[in-house]
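Taken together, the values in this text are just the output of simple stated rules run on the coordinates, not laboratory data. Keep in mind the model is a prediction, meaning the values are calculated, not measured. When we count neighbours, we look across all protein chains shown, and the Cβ atoms used for this are built from the backbone with ideal geometry, even at glycine.
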Amino acid sequence: MEIFFVIVKYCRKLLSNHMENLIQYKKTLKWWIMKQERRKQKKWLPLCAGALLLVAGICLGIGLFRSSNGTGNAGVQMEVDPGAVEWQGILPSPTDSSGAGNITIPGYGAMTLAANTLNQRVNLVNPQGNPCYFCISLVVDGEVVYESKLIPPGKGVYDIQLIRTLPAGRYPHAVLRYQCYSLEEPPAPLNGADVVLDLWVQ
């Protein structure tokens, strides 16, 4: 009988040790799993932050681009030019090289501007009957020195302001650039034309 109690006592001790080992193993396993989870979180955190910054940068870039270019047409303000008024006068002869289909592009052989001042007096027109808006730019030596907003058919601009002043002189290869946009909303780009003229600044 005494041997039986000894055996039972020994078995209880073994079972107790086994349970302690099992509990310790469970704690160790739980600690290891938590450690791996923390490592995963630390690994993905910089990637998520980088992705968020990238998306924010793209959205900011799109917003700045749209705000600086009206409806997204580069370099063109998608609104009617406040200086456009009902045009009266003799229409310059249409250019033969407009490439603009049924759109009438006025031709200018020469133009005169005042030297060393931004404010200028001109005669730029979008002929009556054209199926489009005009955006007219003046390009001197490859640089845009003036750009209108949208000019409706039958209207023109007389008083403009240059982007920079021009020194006195002759510019024999200046360009009047006509960018054409449809009349529906939003205006869509159509064919355009470049008219080379002799620019005198005096």
Exercise. Share of Cα-Cα pairs in the stretch 85-201 beyond 16 Å, in percent?
Worked result: 58 percent
For this session: Could you list which residues have their amide H under 5 Å from that of residue 183, counting only those 5 or more apart in sequence or on another chain, with H placed in the peptide plane?
Result: 133
Problem set entry | ³J(HN,Hα), Karplus 6.51/-1.76/1.60, whole Hz, each residue of the stretch 117-128, x for Gly, Pro | 8, 7, 6, 9, 10, 9, 8, 10, 9, 10, x, 4
Exercise. Tell me, what does the Kirkwood hydrodynamic radius of the stretch 107-153 come to in angstroms if you use every pair of distinct C-alpha atoms?
Worked result: 12.4 Å
Problem set entry | Proximal charge balance of residue 87 [Cβ under 14 Å; K/R count +1, D/E count -1] | -2
